[in-house]
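S.K.: Let me begin by handing over the structure; questions about it come next.
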Amino acid sequence: MSDAIRNRAAAAEEVIYEAGQLAMRYFGSLKDLTIESKGLQDRVSEADREVEKLIRDGLLSAFPDDGFLGEEGGATAEIEKAEFLWVIDPIDGTDNFVHGIPVWCISIALVSAGQIQAGLILNPNQPELFIAERGRGASCNGSPITVNAAKSLTGGVTGIGFSQRQPSEPTLAALAALCQAGGVFQRNGSAALTLAYVAAGRYIGFYESHVNSWDVLAGLLLVHEAGGWSNDFLANNGLQTGNPVVTGGPGIEAELRAICAPIIDP
Ligand code: IPD
Ligand code: CA
């Protein structure tokens, strides 16, 4: 890993802790929070916007030539030309956040040369910081993590995601197949946190029929660096338009891919 990437990962670690402190201040006074609707079952709060601004200001003041793509504030100009691109979800699990459920996180990914180079996910409620750097493994609060060793879908809990951006049928079909295979599932409302938990072996896998890059890039590097697999999320301009995601530990790959075939190849 180059110094340029290592320096950026170190800066992101400082910024994500500051972002976590700001988010927790908002989370501690929810009755004062301004919440707006972005669409069906899709909310955004003042906390999402202010946390994203803190992250953007922090990273771009240190690395002014870098590109930035955030869930709430959008992208800087010509992100495809940026040598280093930050992809941020300031609060993933916004619906949990605004309803006082402590299941949400902050996600920061660094993309360069067409690959995810670093990924950080902070759950400030725990608190747990998950970090992955390409080729250097994945950790939680400084201890190495690995994906679950389950050899079948009967061996643990599969995370699922669903949003009203997508038709429900493929998700329900995959869910039925998962149950018939002896699996069980959870939808915790934060794709990023679910992926961190897949990397840590807490869930055996995860699928969602469509997610945006800010939801999953950091988490996907965590899963890969922890020994897992996924579909090629960045294919077909996944960075800007999103894609399905299917991922997990090696022992369930064939089974989960088969169940999710209608999601990956509709
Ligand atoms: C959402 C969450 C949810 C997933 C959605 C995302 P948000 O992000 O990750 O779990 O199912 O696809 O949009 O709105 O909480 O940032
Ligand atoms: Ca999100």
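The values are calculated or read from the model by the stated rules, or taken from the named source; none is laboratory data. As the structure is a prediction and not an experimental result, all values here were calculated from the model. Counting neighbours? That spans all protein chains shown, and the Cβs are built from the backbone with ideal geometry, glycine included.
S.K.: Do the conditions hold for residue 102, that is, is it farther than 29 Å from residue 253 by Cβ and either modelled with pLDDT of 95 or more or surrounded by 18 or more Cβ atoms within 10 Å (Cβ to Cβ) (or both)? Lay out the reasoning, then the answer.
M.R.: Working: farther than 29 Å from residue 253 by Cβ: yes; either modelled with pLDDT of 95 or more or surrounded by 18 or more Cβ atoms within 10 Å (Cβ to Cβ) (or both): yes.
When the stated conditions are applied, residue 102 passes them.
S.K.: Considering only the stretch 167-205, state which residues are surrounded by fewer than 17 Cβ atoms within 10 Å (Cβ to Cβ) and within 12 Å of ligand 1 (Cβ to nearest atom).
M.R.: 186, 187
S.K.: Restricting to the stretch 72-97, give me the number of residues that are farther than 24 Å from residue 31 by Cβ and of a type outside the set (A, V, I, L, M).
M.R.: Residues of the stretch 72-97 that are farther than 24 Å from residue 31 by Cβ, as a first pass: 73-89.
Filter once more, so that each one left must be of a type outside the set (A, V, I, L, M): 73-74, 76, 78, 80-81, 83-84, 86, 89.
Total meeting the criteria: 10.
S.K.: Select, from 192, 177, 109, the only residue that is in contact with a helix residue (DSSP H, G or I) (Cβ under 7 Å, 6 or more places away or on another chain), of a type outside the set (Phe, Trp, Tyr) and away from ligand 2 (no atom under 15 Å from the Cβ). If you could, list the steps in order and put the result at the bottom.
M.R.: Details: 192 fails: away from ligand 2 (no atom under 15 Å from the Cβ); 109 fails: away from ligand 2 (no atom under 15 Å from the Cβ).
Within the list 192, 177, 109, the selection yields 177.
S.K.: Go through 78, 36, 52, 71 for me and flag whichever is free of Cβ contacts under 8 Å to residues at least 12 places away in the same chain, in contact with a strand residue (DSSP E or B) (Cβ under 6 Å, 6 or more places away or on another chain) and of a type in the set (Asp, Glu). Please lay out each step first, then the result.
M.R.: Values: 78 fails: in contact with a strand residue (DSSP E or B) (Cβ under 6 Å, 6 or more places away or on another chain); 52 fails: free of Cβ contacts under 8 Å to residues at least 12 places away in the same chain; 71 fails: free of Cβ contacts under 8 Å to residues at least 12 places away in the same chain.
Only one candidate passes the filter, namely 36.
S.K.: Filter the stretch 121-167 down to residues that are in a strand (DSSP E or B) and β-branched (Val, Ile, Thr), then give me how many there are. Before the answer, list the steps.
M.R.: Going residue by residue through the stretch 121-167, those that are in a strand (DSSP E or B) are 121-123, 128-133, 138-140, 143-144, 157-161.
Checking which are β-branched (Val, Ile, Thr) leaves us with 121, 131, 157-158, 160.
Residues that pass the stated criteria total 5.
S.K.: Quick one: which residue in 33, 40, 60 is surrounded by fewer than 20 Cβ atoms within 10 Å (Cβ to Cβ), more than 17 Å from the chain's Cα centre (by Cα) and at pLDDT 95 or above? Reasoning before the result, please.
M.R.: Details: 33 fails: at pLDDT 95 or above; 40 fails: at pLDDT 95 or above.
The match here is 60.
S.K.: With the requirement that a residue be in contact with a Leu (Cβ under 9 Å, 6 or more places away or on another chain), within 18 Å of residue 72 (Cα to Cα) and not hydrophobic (A, V, I, L, M, F, W, C), what does the stretch 203-237 give you?
M.R.: Matches in the stretch 203-237: 213, 215.
S.K.: Of everything in the stretch 145-164, what is more than 17 Å from the chain's Cα centre (by Cα) and of a type outside the set (Ser, Thr, Tyr)? Give them in sequence order.
M.R.: Result: 148, 149, 150, 151, 153, 155, 156, 157, 164.
S.K.: Oh, and also: Provide a single number: the residues in the stretch 63-81 that are under 15 Å from residue 239 (Cβ atoms), modelled with pLDDT of 95 or more and hydrophobic (A, V, I, L, M, F, W, C).
M.R.: Looking only at that region, the number is 2.
S.K.: Does the stretch 217-253 hold any residues that are surrounded by 24 or more Cβ atoms within 10 Å (Cβ to Cβ) and among the small types (Gly, Ala, Ser), and which are they?
M.R.: Selection gives 218, 219, 226, 228, 248, 249.
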